[in-house]
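Novice: Please see the structure below; I have some questions.
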Amino acid sequence: MDEQPEPVQEPAPQTGGGLDRRAELSEFLRTRRARLKPEDVGLPDFGRRRVPGLRREELAQLAGVSVAYYTRLEQGNGRNVSAEVLDAIARALRLTGAEHAHLMHLAKPKQHKKKQAARAQQVRPALRHLLDSIDTVPAYVVGRRSDILAWNRMAAALFGDWAELPAPERNWARLVFLRPDYRELFVEWDQKASDIVGYLRMDAGCHPDDPRLSALVGELSVKSEEFRRLWAAHDVKEKSYGVKRMRHPLVGDLTLSFETFRLVDDAEQSLLTYHAEPGSASAEALRLLASWGADAARAGTGTPAQ
């Protein structure tokens, strides 16, 4: 049986300077359904498909809900949907843990006071002292919207002296998508860009009414074609550890492992560290950066563009 064209979704109302909750939920579910094939979930593939992925009735069948119920949810109406139903839909869509959490945030958002969205994040003095005491490992604190809140001398040597940038520019998304020197720094720039957008998507799910986040997304969408493409994919992810390959203007290629430590007293701030395998060429490169200090920070990456 040929699939009938899906009904056109009416535009959802905008929410006070932030992202549109209903549109975000709708597009997230659509893109997750589009990436699945019948054979991925053990269903026979009958008939020509006019749109990619599973049909709505197939997804509803897998989740154990009515087609009308799922259709309302995919049109952005998550009102009164139970956590059990969302769990069933997440299983049917084969969502990752991060995607499952994102779905819950979109469909059943927590209530936030508007003043909280505009509140500036503060790094505890003791945590700043800890950063200053770490001499051989690049480390920094990142907060909401991928804002860089604090860093140590080694992070400045590796990434550039962020103190030379205006505070609004100390943001990973702006650096990665708008600065050519950061495109050169990360060997797998595409992966770094994808990670940043996935992080912003998670943040948007938790804080869709944040006008600063909405403004950041709008700015990057206008200025970067790559950001527009990645943002439209609605991919979400959280990476707490991994490996980054970099090409520093002074010491050349480095392979560094990173670890992310979410702060217990403020889950919206994380401490990130980068380290090299002992005895490796990358460890020697970090040692050289530590010895050069401020000269390394001024090598090019992270300094204001002329």
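Novice: Hey, got the dipole for region 21-107? About the Cα centre, +1 on K and R Cβ, -1 on D and E Cβ, debye to the nearest 20? Could the numbers behind the result be given before it?
Specialist: Details: 16 positive and 11 negative charges, 72 e Å.
It comes to approximately 340 debye.
Novice: Order the peptides 141-154, 221-234, 95-108, 68-81 from the highest to the lowest mean number of other Cβ atoms within 10 Å of their residues. Write down the numbers at each step before the final one.
Specialist: Details: 141-154: 21.9, 221-234: 15.2, 95-108: 19.4, 68-81: 17.1.
With the highest mean Cβ count within 10 Å placed first, the list reads 141-154, 95-108, 68-81, 221-234.
Novice: If you don't mind, there's one more thing I want to ask. Compute the distance in nm between two label points, each set 7 Å from the Cα along the Cα-to-Cβ direction, one at Leu288 and one at Gln121.
Specialist: Between Leu288 and Gln121, the label points sit 3.3 nm apart.
Novice: Students often check this: by mean Cβ neighbours within 10 Å, which of 160-173, 207-220 ranks highest, and how do the rest follow?
Specialist: Numbers: 160-173: 17.3, 207-220: 19.3.
So the order, starting with the most tightly packed, is 207-220, 160-173.
Novice: Scan around His248 for amide H atoms under 5 Å from its own, H built in the peptide plane at 1.01 Å from N, and keep only partners 5 or more places away or cross-chain.
Specialist: Asp253, Leu254
Novice: Just list whichever of Lys37/Lys237; Lys108/Lys244; Lys37/Lys244 have alpha carbons separated by over 24 Å in the model shown.
Specialist: On the way: Lys37/Lys237 22 Å; Lys108/Lys244 35 Å; Lys37/Lys244 32 Å.
In this structure, Lys108/Lys244; Lys37/Lys244 lie more than 24 Å apart at Cα.
Values quoted throughout were computed directly from the atomic coordinates according to the rules given, and no laboratory measurement underlies them. Here the structure is a predicted model, which means the values were calculated and not measured. We place every Cβ from the backbone using ideal geometry, glycine too, and count neighbours over all the protein chains shown.
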